[in-house]
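See below for the structure under consideration.
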Amino acid sequence: MVDKVNYLRVIGGMVMGLLWGCGESNPGAYVIFIDYTTSAATFENGNPSRIQTTVLDLVTDMDREDVLQVYPIHAFTESATPVLRLSGPELHGDLNDGMRRREWMEGTVVPMTETIAKVRFARDRVAQTNIYPVARKIARLVEAGYIVHAVLVSDLIQDFNGEDFSTVFGDGSSVDPVQLARKKVIELGLTGRLEGVKVVVMIPGSPHGNQMYDKIRAPVNEFWKSFFTHCGATVMIGNL
């Protein structure tokens, strides 16, 4: 049986194929987590258009039973509801399906994705970054029977409830990111719960950069690769 292949174009030259069998009975969940905190360069310069392009590429082959959900990352990620949620297009299995899909993309998806950059949150929500709940939200989709493809648009700098990665992995730190990641996954009860999930992380940047984050980028990336791997997922990290 020939596999059906979705190509997710990741801005910055990284391309990841998301594959599943065409006979797969489970619906797909395309879930995107976007960092709205003030520490991230998510909506600087051309990043909003890159995010929109990523969403549009991701939903190209969505079926009616598939779902797209876009969640915010901020201090209260755990209880946050989607800023965007939609199902795939209504298709009839005839020659007009191509037109129906185009109309759905132009009339529904494009206008909805344009609202992502316009969402605003109170200062207490964007002052800190809590990324761990992302894994729990993904796990719940897996447990609901979805085949999950997840994208994170974030600088990955966890900064919540006394844990600040700029300090954890800062100058003079002897913390092993792999060991810390394994410990966190066990503490959160997430071991193996993301089995089969594909995770793509896209780090937003700006022309002026961030010297402090550049200094800790390597251990931070290593931490999250190990974190999602211990959760059972496959993960790739690149730039937006």
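The values are calculated or read from the model by the stated rules, or taken from the named source; none is laboratory data. Here the structure is a predicted model, which is why all the values come from computation and not from measurement. All Cβ positions, glycine included, derive from the backbone under ideal geometry; neighbour counts span all protein chains shown.
Within the stretch 191-236, which residues are within 13 Å of the chain's Cα centre (by Cα), β-branched (Val, Ile, Thr) and under 23 Å from residue 171 (Cα atoms)?
203
Per-residue answers, yes or no, for (1) modelled with pLDDT of 75 or more; (2) among the charged types (D, E, K, R); (3) within 22 Å of residue 112 (Cα to Cα):
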position: 9; (1), (2), (3): no, yes, yes
position: 17; (1), (2), (3): no, no, no
position: 24; (1), (2), (3): no, yes, no
position: 37; (1), (2), (3): yes, no, yes
position: 43; (1), (2), (3): yes, no, yes
position: 54; (1), (2), (3): yes, no, yes
position: 66; (1), (2), (3): yes, yes, yes
position: 77; (1), (2), (3): yes, no, yes
position: 84; (1), (2), (3): yes, no, yes
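Restricting to the stretch 177-215, and then to whatever is of a type in the set (A, V, I, L, M, F, W, C) and touching an Asp or Glu at 6+ places or on another chain (Cβ under 9 Å), can you tell me which residue is surrounded by the most Cβ atoms within 10 Å (Cβ to Cβ)?
Among residues in the stretch 177-215 that are of a type in the set (A, V, I, L, M, F, W, C) and touching an Asp or Glu at 6+ places or on another chain (Cβ under 9 Å), the one surrounded by the most Cβ atoms within 10 Å (Cβ to Cβ) is 203.
For residue 214, state whether it is in a helix (DSSP H, G or I), at pLDDT below 95 and of a type in the set (Asp, Glu).
Working: in a helix (DSSP H, G or I): yes; at pLDDT below 95: yes; of a type in the set (Asp, Glu): yes.
In short, yes.
Restricting attention to the stretch 188-240, which residues are touching a residue at least 60 places away in the same chain (Cβ under 8 Å), under 21 Å from residue 164 (Cβ atoms) and touching a Ser or Thr at 6+ places or on another chain (Cβ under 7 Å)?
Across the stretch 188-240, the qualifying residue is only 204.
Being in contact with a strand residue (DSSP E or B) (Cβ under 8 Å, 6 or more places away or on another chain) and either free of Cβ contacts under 8 Å to residues at least 24 places away in the same chain or outside any loop (DSSP other than H, G, I, E, B) (or both) is the filter here, so list the residues in the stretch 107-124 that pass it. I'd like the intermediate steps shown before the answer.
First, pick out the residues of the stretch 107-124 that are in contact with a strand residue (DSSP E or B) (Cβ under 8 Å, 6 or more places away or on another chain): 108-109, 112-113, 115-116, 119, 121.
108, 109, 112, 113, 116 - these are the residues of the stretch 107-124 that are in contact with a strand residue (DSSP E or B) (Cβ under 8 Å, 6 or more places away or on another chain) and either free of Cβ contacts under 8 Å to residues at least 24 places away in the same chain or outside any loop (DSSP other than H, G, I, E, B) (or both).
Tell me, which strands (runs of 3 or more DSSP E) wholly within the stretch 23-98 include 2 or more residues that are on the phi < 0 side of the Ramachandran plot and among the β-branched types (Val, Ile, Thr)? Write out each step before concluding.
Working: elements: 28-35, 67-73, 84-87.
The strands (runs of 3 or more DSSP E) meeting that bar are 28-35, 67-73.
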